[in-house]
Amino acid sequence: MTTAPAERKTLPGMDSLDTLIDQACRSLAMPTIRERFSEIAESSLREQASYKTFLLELLEAEVEHRDERRRTRLVREAKFRRPKRIEDFDFAINPNISQEVVNTLTEPGWVASGQPLCLIGDSGTGKTHLLIGIGTAIAESGLKVRYTTTANLVNELSEAAGDKQLTRVYARYDKVDLLCLDEFGYMELDKVGAKLLFQLFTDREERRAIAIATNAPFSEWPKTFTDQRLCRAVIDRMTFNGTIIETGSESYRAQSTQARLLEQAAQLTGD
């Protein structure tokens with residue numbers, strides 16, 4: 001016994017012509033036009049718009065929705081540990097950071113050129129916020145971004161080397177336009193881990209961008225890369241034709257919290 005295929009649901013209040021348009025939009029995978037064609041048609045009729053104008057509005061609505069879905073997907077695939085945006089960063093609290101420079105970094109030009117970015121400063125000075133915020137802006141511009149910590153990346157590379165899958169993992173990271181590497185310098189790498197990380201840096205040099213956030217000034221990088229020649233080579237790759245932002249030593253989080261408490265106290269006093 002054969003069963004009839006399930007009848008597709010159509011939008012409420014549709015006539016026979018609307019139904020045909022609805023089915024065509026389904027076949028062409030145009031969900032936004034399917035949902036909005038009646039609304040846009042009525043608007044065009046009221047405004048006595050031309051057929052071309054009506055068609056353009058339909059297509060623009062579909063393109064805008066697809067772009068939004070793509071931006072959302074790219075941000076999700078970046079795997080940021082928490083949502084952060086540059087618009088939410090209070091530059092007044094940390095005068096060490098140039099808002100003009102950071103705003104420039106939210107544009108994809110430097111990523112397309114494969115330039116490096118170093119965010120250097122003590123804990124709590126806003127490095128991770130900037131790293132994720134910049135990465136989010138780049139992902140929303142349409143480029144592929146990946147966020148991870150140094151420890152997780154080195155562990156992933158070491159496990160891949162043990163499983164003879166290192167080439168595959170390197171190739172996967174090579175498809176990423178911007179690699180955001182957090183907590184750089186928090187751990188001392190053994191020789192194997194240091195070489196694996198150095199190889200990834202070398203593979204991306206001047207082709208794919210790397211942005212790191214570290215609490216260690218360059219003078220302390222030998223604690224992470226104990227091989228001095230390797231350390232100098234890494235510093236060279238991360239500084240040549242790149243951007244260095246020093247976030248200082250005053251805790252951004254502590255100052256932000258203090259500013260918020262003062263604002264709340266002022267509001268209570270005003271009440």
- Sorted largest first, the C-alpha extents of the chain along its principal axes in whole angstrom are 75, 65, 40
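Using the scaling law 2.2 N^0.38 Å as the reference, what is the normalised Cα Rg of the range 16-76? Intermediate results must be reported in sequence, preceding the final value.
Values: Rg = 13.0 Å, N = 61, 2.2 N^0.38 = 10.5 Å.
Normalised Rg, Cα atoms only: 1.24.
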- Leaving out same-chain residues fewer than 8 places away, which lysines sit with a Cα under 22 Å from that of Lys84? Lys127, Lys144
- Message: Test of understanding: in a Gaussian network model of the chain with alpha carbons linked when under 10 Å, which of Glu250, Glu35, Glu47 would top the mean-square fluctuation ranking?
- Response: Glu47
- Item | Neighbour-count ranking [beta-carbon atoms within 10 angstrom, fewest first] of Ile33, Ile134 | Ile33, Ile134
- Query: What lysines sit close enough to Lys191 to cross-link, taking a C-alpha to C-alpha distance under 19 Å and skipping anything fewer than 8 places away on the same chain?
  - Reply: Lys164, Lys223
- Task: Identify which of Arg73, Arg232, Arg46 has the largest mean-square fluctuation in a Gaussian network model of the chain, with springs joining Cα atoms closer than 10 Å.
- Result: Arg46
- Nearest 10 degrees, 0 to 90: helix 127-140 Cα axis against the chain principal axis: 30 degrees
- How far is it, in nm, from the label point at Glu47 to the one at Gln199 when both lie 7 Å from their Cα along the line to the Cβ? 5.8 nm
- Rounded if a/c under 1.5, otherwise prolate or oblate - the range 120-175, Cα gyration tensor axes: oblate
- Note on the structure: For the chain, the longest principal axis of the Cα atoms and the Cα long axis of helix 150-162 enclose an angle in degrees, to the nearest 10, of 90 degrees
- Query: Could you give the alpha-carbon Rg of the range 1-154 over 2.2 N^0.38 Å, rounded to two decimals?
  - Reply: 1.54
- Item | Distance from the range 206-249 to the range 141-205 (C-alpha centre basis), Å | 15 Å
- Pulled fully out, how much extra length does the chain show between Arg82 and Glu35, if you take 0.36 nm times their separation in residues and subtract their Cα-Cα distance? 13.7 nm
- Expected max-MSF residue from Phe91, Phe218, Phe54 in the GNM of the chain (alpha carbon, under 10 Å) is Phe54
- Report, in degrees rounded to the nearest 10, the 0 to 90 angle that the Cα long axis of helix 252-270 makes with the longest principal axis of the chain. 60 degrees
- Note on the structure: Rg/Rh of the range 47-121 (Cα atoms, Kirkwood Rh), to two decimals, equals 1.16
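Rule-based calculations on the coordinates, nothing more; no lab input. In this text, all values refer to a predicted model and were calculated from it rather than measured experimentally. Glycine gets a Cβ as well: all are built from the backbone with ideal geometry, and neighbour counts include every protein chain shown.
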